[in-house]
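Input: a single structure, listed below in structure tokens.
Please treat every number below as a calculation from the coordinates, not as lab data. These numbers come from a predicted model, not from an experiment. Glycine gets a Cβ as well: all are built from the backbone with ideal geometry, and neighbour counts include every protein chain shown.
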Amino acid sequence: MFGKKPAPPPRSRPVRPVRAVAARPARGGAGADETVVLGPSASGRSAPPSRARLVDLCAEWLGLIVAMRQAPSLPDAAGLRARALELKARLEDDARRGGFSAADAEHAVFALVGFTDETVLRGQGPARDAWLTRPLQLELYGAMLAGEEFFDRLDRLRREREARIEALEVYYACLAFGFAGKFLMAGPERIKSLLVEVEQDVAAVRGTGRRALAPHAARSDEAGGAVAGPGLAWWVAPAGYVGAVLVTWILIKLFSMLGAGGDASAIRRALEGIGR
């Protein structure tokens, strides 16, 4: 009854997190390695992916616009309108799920709607004639105002560049890809100088790292639009230096979307127009 008490179980010592050890080439040394000790968080989970920018979410819509600018003729206004509205809905949804502000997303949509209208109306073919009677901005905003308001909005975005950098990059991309708006008749130098100014605004917020914008933002193309210079972020480079493979893919997708995928001569004519 009053026998010897059993000995208490041994205390368990807390398990210390194991630190991962990796080897990497030493700085400035050829063939030498240095040991890198990673903390528990680094060994236990992968680093979170970098957050996409709002302009990244606009890539497909911008790709459609690039394709339309390269195509010799746009045959189907209904197909283009349906595709643009689909991309609008997708951009709005992606921006919401990505945590971007509703204001930035609305600014981006407005810019791309205006750029789509300008591209179709400056193009050739049946789509242009049909679009004249019902531009996309008239359907969505009830007025033909993008040519002026784009630049009014751009001025506001530049004044609030810290808070509105996501939308500001989209407007920069539109200008770099050739949107002219009210400056259409002013010549490429006006857009070129504006691009340099906006690029400086973006660089002031983003810095000058790998994804920052280049100092010489644009040059004029033969059509009077602005195209990108070397060293720009990936979403600007196609304006002037998009590879033939990418352009071919975009054009084939465009003609397929418009129901002209089987028209080899149409695709060939479009491809022949690239680089002129």
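Take the Cα of residue 156, step 7 Å toward its Cβ, do the same at residue 132, and the gap between the two points is 3.2 nm. Among 117, 155, 76, the order by Cβ neighbours within 10 angstrom, fewest to most, reads 155, 76, 117.
For residue 201, neighbours were defined as the other residues whose beta-carbon sits under 14 Å from its Cβ, and their charges (Lys and Arg +1, Asp and Glu -1) total 0. If you take every residue apart from residue 94 with its C-beta less than 13 Å away from the C-beta of residue 94, what net charge results, scoring Lys and Arg +1 and Asp and Glu -1? Charge balance near residue 94 sits at -1.
Each of 144, 68, 185 was scored by other Cβ atoms within 10 Å of its Cβ. Arranged with the fewest first, they read 185, 144, 68. This ranking places 172, 141 by how few other beta-carbon atoms lie within 10 Å of each, fewest first, which gives 141, 172. Spin-label model, residue 141/residue 122: points 7 Å from Cα along the beta carbon direction are separated by 1.7 nm.
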